[in-house]
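A quick write-up on the structure given underneath.
The values are calculated or read from the model by the stated rules, or taken from the named source; none is laboratory data. Quantities reported herein were computed from a predicted structural model and do not represent experimental measurements. Don't worry about glycine lacking a Cβ; one is built from the backbone with ideal geometry, like all the others, and counts go over all protein chains shown.
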Amino acid sequence: MSAVRLLPPTLVNQIAAGEVVERPASAVKELVENAIDAGASRIDVVMIEGGQALISVSDDGGGMTADEMVLAVERHATSKLPDDDLVRIRFLGFRGEALPSIGSVARLCLTSRPRGAESAWSLTVEGGVKGLPMPAAHPAGTRVEVRDLFYATPARLKFLKAARTELSHATDVIERLGMAHPAIAFSLSDGTRKLLELPARRGEPAAALLARVAQVIGRDFEANALALDAERDGVRLGGWAGLPTYNRAGAVAQYLFVNGRPVKDRLVIGAVRGAYQDVLSRDRHPVVALFLDLDPEQVDVNVHPAKAEVRFRDSGNVRGLIVGAIRHALAGAGHRASTTVSSATIGALGGGAFPPSHVHHAAARPSLPLIRAGMAAQAPFDLAEAVAGFDLPPAAPAAEPAEPGAEDYPLGAARAQLHDTYIVAQTATGLVIVDQHAAHERLVLERLKQALAEGGVRRQGLLLPEVVDLGEAAAARLAEHAPDLAALGLVVEPFGAGAVVVREVPALLGDSDVQGLVRDLADELAEWGQGHSLQERLSRVCATMACHGSVRAGRRLGQAEMNALLRQMEATPLSGQCNHGRPTHVTLSLADIEKLFGRR
Ligand SMILES: Nc1ncnc2c1ncn2[C@@H]1O[C@H](COP(=O)(O)OP(=O)(O)OP(=O)(O)O)[C@@H](O)[C@H]1O
Ligand SMILES: [Mg+2]
């Protein structure tokens, strides 16, 4: 090993660049953030060959003098910490690292003219070597050009992906920053065509924000999302949480902001997952736009090289706020399922009438009239009125006259059961098709959760205790969780080698398949492993029990049973989807149906 020495500045900057400038999109992020910090109202980005040949970011912000530019490309030079206060950070930047880092791995050229100045100047840095300021022509504002990114660090060059990939990363970066700054206009071009154009959204802030959010996430987002507005111990949460049925296969559509800074923070992502835990299966992801605002002293933004993660002083409070606010909103949404579900249905029924993409794509965008139709059919309703006079589905005889006035309920009057699986109901404005198993599963789950919250689930002794053979490990795991299970009304005890005996079951489940339930629980326990909170474990057990305790697809229901099911769905939180995020029902308005038949 050779002697210890201080590294030369260019090398230091290249090392910093390794963390800060991972790919072209991260250079775009740094430069656009600088433009936002400079007070720009319009920011235009051009990326040639996916940004490898050229990245150019132009703004109409405050600009820099020649002297300021010379300093700006030095390491640790920043105008953004005037009071040396790392706690009250008011800008996106604060480290003074981005420009020198980029200048050490690419050819960097700054051209700038401060507002009100006579002329512009430019300055180049190539492979870490700074040139002299030269007079230039440029309107007020700044243009930063980055050529031949990573030419000075060939190892990094090799990892560059196809231009298209880099462009889509950059689009994501600009959309996220753009969502936090609706009043600023943004554009991205690949040199020949515009890939993104976000016009400035001015006027009333909430409306401006919603317009920007809808442009990025999709026009149908608002109709399929619940507005959030909550506060807890000085932390505010605003934004929108998508309906569970409006889900995606990846977590790409989760837009998270802390004090106006886009983040991909693990704590926030985890809280969102927790909030949707029992309305979405683990391979589906909700769509959300969450804006957290809190005293800067309560959050450290200087913990991640790209500032994507933050550290909250009171992370429990932040997590609780997110989980609580989203769950509360979802519970208030009652039986609503997303409009995309009915539009997908129409697409499927209509065949040629709609482009095929509407049929399968969960995020298909319905036309405006369709959104309106969907919203009208899912308007809020009076809970008290809806539940009056109904209880658990009684084992009633099949043929009974329809409830008088039942059509006025949101889910209407049951008219028929098809394939012993689907209930078809007529509403005042259209029809509803209900998946009886999915719906009942949700009802049982909500009752279990409620019973649990109220101090315990009522048990029912089995006439003949049931012995279930599971194998050693599974039986031991189940015995270990016996106290959790008992709280939920399932009493199991070890029974010799590799078996358990079930003595009592939750009364709610009725005479369900005990063997199947216990086996599924054992499998699930094996899958979860350690590290789940009691709360999480209990809610999983509830979900599994609900699945087993529900009327199966394939059971014939009487009309009274069907109507009772519909009334309970209306009165039950989260009943728009089963525990896996699948819709429990679809709604077709008369207008939709008329459209199917070409009457409109
Ligand atoms: N587009 C711009 N318009 C005006 N001034 C700019 C612009 N870009 C950079 N600057 C100036 O150059 C300085 C250095 O920029 P740089 O991005 O390297 O650091 P920073 O933004 O201060 O911190 P960070 O490294 O966290 O981004 C800034 O503090 C700012 O004064
Ligand atoms: Mg910066």
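Quick one: Asn579 ticks every box in (1) farther than 17 Å from Gln450 by Cβ; (2) assigned to a loop (DSSP other than H, G, I, E, B) bar one, so which box is it?
That leaves (1) as the condition not met.
Condition check: assigned to a strand (DSSP E or B), within 15 Å of ligand 2 (Cβ to nearest atom) and either farther than 16 Å from Asp37 by Cβ or in contact with a helix residue (DSSP H, G or I) (Cβ under 7 Å, 6 or more places away or on another chain) (or both). Does Ser122 satisfy that? Lay out the reasoning, then the answer.
Details: assigned to a strand (DSSP E or B): yes; within 15 Å of ligand 2 (Cβ to nearest atom): no; either farther than 16 Å from Asp37 by Cβ or in contact with a helix residue (DSSP H, G or I) (Cβ under 7 Å, 6 or more places away or on another chain) (or both): yes.
In short, no.
Go through (1) buried (at least 18 other Cβ atoms within 10 Å of the Cβ); (2) within 12 Å of ligand 1 (Cβ to nearest atom); (3) within 25 Å of Val303 (Cα to Cα); (4) in contact (Cβ under 8 Å) with a residue 24 or more places away in the chain for Gly61 and report which single condition fails.
So the condition that Gly61 fails would be (3).
Here is a list: Val21, Val32. Which entry is over 22 Å from Arg113 (Cα atoms) and within 12 Å of ligand 2 (Cβ to nearest atom)?
Exactly one residue qualifies, and that residue is Val21.
When you look at Leu237, is it in contact with a helix residue (DSSP H, G or I) (Cβ under 6 Å, 6 or more places away or on another chain) and aliphatic (A, V, I, L, M), yes or no?
Spelling it out, Leu237 is indeed in contact with a helix residue (DSSP H, G or I) (Cβ under 6 Å, 6 or more places away or on another chain) and aliphatic (A, V, I, L, M).
In the set Arg212, Arg143, Arg202, which member is charged (D, E, K, R), surrounded by fewer than 16 Cβ atoms within 10 Å (Cβ to Cβ), within 30 Å of Gly260 (Cα to Cα) and out of contact with any Asp or Glu (no Cβ under 6 Å at 6 or more places or on another chain)?
Matching residue, one of Arg212, Arg143, Arg202: Arg202.
Would the stretch 161-168 turn up any residue that is touching a Lys or Arg at 6+ places or on another chain (Cβ under 8 Å) and within 16 Å of ligand 1 (Cβ to nearest atom)?
Checking the stretch 161-168: not a single residue is touching a Lys or Arg at 6+ places or on another chain (Cβ under 8 Å) and within 16 Å of ligand 1 (Cβ to nearest atom).
Going through Leu463, Leu485 one at a time, which residue ends up being assigned to a strand (DSSP E or B) and either at pLDDT 80 or above or more than 30 Å from Ala560 (Cβ to Cβ) (or both)?
Residue meeting the stated conditions: Leu463.
When you scan the stretch 38-55, do you find a residue that is within 13 Å of ligand 2 (Cβ to nearest atom), on the phi < 0 side of the Ramachandran plot and surrounded by fewer than 23 Cβ atoms within 10 Å (Cβ to Cβ), even just one?
Within the stretch 38-55, one or more residues are within 13 Å of ligand 2 (Cβ to nearest atom), on the phi < 0 side of the Ramachandran plot and surrounded by fewer than 23 Cβ atoms within 10 Å (Cβ to Cβ).
Checking the conditions here, which among Ala152, Ala206, Ala200, Ala162 is among the aliphatic types (A, V, I, L, M) and at pLDDT 95 or above? If you could, list the steps in order and put the result at the bottom.
Values: Ala152 fails: at pLDDT 95 or above; Ala206 fails: at pLDDT 95 or above; Ala162 fails: at pLDDT 95 or above.
When all the criteria are applied, what remains is Ala200.
Looking at the stretch 64-80, which of its residues are more than 8 Å from ligand 1 (Cβ to nearest atom), in a loop (DSSP other than H, G, I, E, B) and not β-branched (Val, Ile, Thr)? Don't jump to the end; show me each part of the working.
Step one: of the stretch 64-80, the residues more than 8 Å from ligand 1 (Cβ to nearest atom) are 65-67, 70, 74-76.
Add one more test, that the residue is in a loop (DSSP other than H, G, I, E, B), and what stays is 65, 74-76.
Scanning the stretch 64-80 gives Glu74, Arg75, His76.
Just checking, which of Val144, Val213 is among the β-branched types (Val, Ile, Thr), outside any loop (DSSP other than H, G, I, E, B) and over 30 Å from Val12 (Cβ atoms)? So that I can check it myself, show each step before the final result.
Details: Val144 fails: over 30 Å from Val12 (Cβ atoms).
The match here is Val213.
For the stretch 23-38, which positions are within 12 Å of ligand 1 (Cβ to nearest atom) and either under 11 Å from His181 (Cα atoms) or under 29 Å from the mean Cα position of the chain (by Cα) (or both)? Let's see the steps before the verdict.
Just the residues of the stretch 23-38 that are within 12 Å of ligand 1 (Cβ to nearest atom), to begin with: 26-27, 29-38.
Result: Ser26, Ala27, Lys29, Glu30, Leu31, Val32, Glu33, Asn34, Ala35, Ile36, Asp37.
Which numbered condition trips up Gly496, out of (1) more than 33 Å from the chain's Cα centre (by Cα); (2) under 29 Å from Arg555 (Cβ atoms)?
Here Gly496 meets the rest and fails (2).
Which condition number in (1) within 15 Å of ligand 1 (Cβ to nearest atom); (2) assigned to a helix (DSSP H, G or I); (3) in contact (Cβ under 8 Å) with a residue 12 or more places away in the chain is the one that Thr10 fails?
Evaluating Thr10 over (1) within 15 Å of ligand 1 (Cβ to nearest atom); (2) assigned to a helix (DSSP H, G or I); (3) in contact (Cβ under 8 Å) with a residue 12 or more places away in the chain leaves (1) as the failure.
Those residues that are under 27 Å from Arg202 (Cβ atoms) and acidic (Asp, Glu), I need them from the stretch 213-248; list them, please.
Asp220, Glu222, Asp229, Glu231
Please go through the stretch 81-109 and pick out each residue that is more than 10 Å from ligand 1 (Cβ to nearest atom) and surrounded by fewer than 24 Cβ atoms within 10 Å (Cβ to Cβ).
Selection gives Pro82, Asp83, Asp84, Asp85, Leu86, Val87, Arg88, Arg90, Arg107, Cys109.
Does His532 satisfy the condition of being modelled with pLDDT under 80 and under 24 Å from Gly332 (Cβ atoms)?
Considered against the rule, which asks whether it is modelled with pLDDT under 80 and under 24 Å from Gly332 (Cβ atoms), His532 comes out as no.
For residues in the stretch 126-139 being within 44 Å of the chain's Cα centre (by Cα) and at pLDDT 95 or above, which is surrounded by the fewest Cβ atoms within 10 Å (Cβ to Cβ)?
For the stretch 126-139, the residue satisfying everything is Pro139.
Wholly within the stretch 221-324, which strands (runs of 3 or more DSSP E) include no fewer than the required count, namely at least 1 residues that are touching a Gly at 6+ places or on another chain (Cβ under 7 Å) and of a type in the set (A, V, I, L, M)?
Result: 225-232, 288-293.
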